[in-house]
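Note sheet for the following structure.
The values are calculated or read from the model by the stated rules, or taken from the named source; none is laboratory data. These numbers come from a predicted model, not from an experiment. Positions of Cβ are generated from backbone atoms using ideal geometry, with glycine treated the same way; all protein chains shown enter the neighbour counts. These accessible areas exclude ligands, DNA and RNA; they are computed on the full protein's heavy atoms, side chains included. Shrake-Rupley method; radii C 1.70, N 1.55, O 1.52, S 1.80 Å.
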Amino acid sequence: MRSNLSWLALLGFLALASACGGPERKASSVAEPAPARQPVSHPAVFPRAQEPLVVFLGDSLTAGLGLAEDQAYPALLERRLDNEGRPVRVINAGVSGDTTAGGLARLDWLLSQKPDVLVVGLGANDALRGLPLEETEKNLRGIVRGCQTAGVRVLLLGMKIPPNYGPDYAGGFEALYPRIAQDLDVPLVPFLLEGVGGVTELNQADGIHPTAQGQEKVAETVEPYLAKVLSATK
């Protein structure tokens, strides 16, 4: 029940933001576009090239907007898995304001890093800007297929948006993630912000981006899915 109420609280916040402008209003997107930066892997104490490389392709939720990079959930997952005897190397390729089109455009460069797993957390900015769902789905499918062609395993992160964008649009957006996962046979985290969205104490002042504690919860949500994918890579 708490998670449902929390999500409704987030919907209310975003509905209020949307009332000040149309779906393309930048204040309603996950983050203002930031200057692109090349992803940087977290340094390790010792060279660990033999360990699986996990690349996180996402937007500001992945980049950890407003936080230090080591507080974002990709870095937290790296530490959690290491502590559990499942060491990995991580590249956080989250870019604030990114869309699925931007992620698809960056895919070849990321695949050139020879990752074992690509975690895809994109789409929120597409939806909150009111972009066509067909375009978002096409781009996500392109990302997944590109990874599969390269022999890279994929973990897809699901997202939801407020119903004020219309029940057909909001419902269609939520549904495209499980459809892609089923059609292309990739694992899916149903909702990246489960237990975080709308929970005041777990979000920054904008009500959208998780605090350091919220990022810990996101990492907790993603970890079992990622661990299962990593087990399948051996």
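A few remarks follow.
- Boolean, Gly123 is without any contact (Cβ under 8 Å) to a residue 60 or more places away in the chain, open to solvent by 10 Å² or more (accessible area, probe 1.4 Å) and within 28 Å of Gln213 (Cβ to Cβ): no
- Scanning the range 146-169 for residues that are at pLDDT 95 or above and of a type in the set (Gly, Ala, Ser) turns up Gly146, Ala150, Gly151, Gly158.
- Residue among Ser6, Ser29 that alone is buried (at least 22 other Cβ atoms within 10 Å of the Cβ), of a type in the set (Gly, Ala, Ser) and at pLDDT below 50: Ser29
- For the residues Phe173, Phe191, the requirement of being farther than 22 Å from Glu223 by Cβ and aromatic (Phe, Trp, Tyr) singles out Phe173.
To keep it simple, each residue is scored yes or no on (1) surrounded by 21 or more Cβ atoms within 10 Å (Cβ to Cβ); (2) touching a residue at least 24 places away in the same chain (Cβ under 8 Å).
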{"residue": "Ser112", "(1), (2)": "no, no"}
{"residue": "Asp116", "(1), (2)": "no, yes"}
{"residue": "Val119", "(1), (2)": "yes, yes"}
{"residue": "Gly130", "(1), (2)": "no, yes"}
{"residue": "Leu140", "(1), (2)": "yes, yes"}
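- Within the range 176-234, the residues that satisfy the criterion of being touching a strand residue (DSSP E or B) at 6+ places or on another chain (Cβ under 9 Å), of a type in the set (A, V, I, L, M, F, W, C) and in a helix (DSSP H, G or I) are Ile180, Ala181, Leu184, Leu202, Val218, Val222, Leu226, Val229, Leu230, Ala232.
- Residue ID - surrounded by the fewest Cβ atoms within 10 Å (Cβ to Cβ), chosen from residues in the range 160-176 that are out of contact with any Asp or Glu (no Cβ under 7 Å at 6 or more places or on another chain) and among the hydrophobic types (A, V, I, L, M, F, W, C): Ala175
- Whichever residue in the range 177-214 is open to solvent by 70 Å² or more (accessible area, probe 1.4 Å) and under 14 Å from the mean Cα position of the chain (by Cα) and, among such residues, is nearest to Asp116 (Cα to Cα): Pro190
- Ile143 fulfils the conditions (1) at pLDDT 95 or above; (2) over 16 Å from the mean Cα position of the chain (by Cα) except for a single criterion, (2).
- Lys114 passes every criterion in (1) touching a strand residue (DSSP E or B) at 6+ places or on another chain (Cβ under 8 Å); (2) on the phi < 0 side of the Ramachandran plot apart from (2).
- From Lys228, Lys217, residue being of a type in the set (Lys, Arg), closer than 18 Å to Gly64 by Cα and open to solvent by 10 Å² or more (accessible area, probe 1.4 Å): Lys217
- Inspection of the range 82-92 finds a residue satisfying the criterion of being out of contact with any Lys or Arg (no Cβ under 9 Å at 6 or more places or on another chain), modelled with pLDDT of 95 or more and either buried (at least 23 other Cβ atoms within 10 Å of the Cβ) or within 30 Å of Tyr169 (Cα to Cα) (or both).
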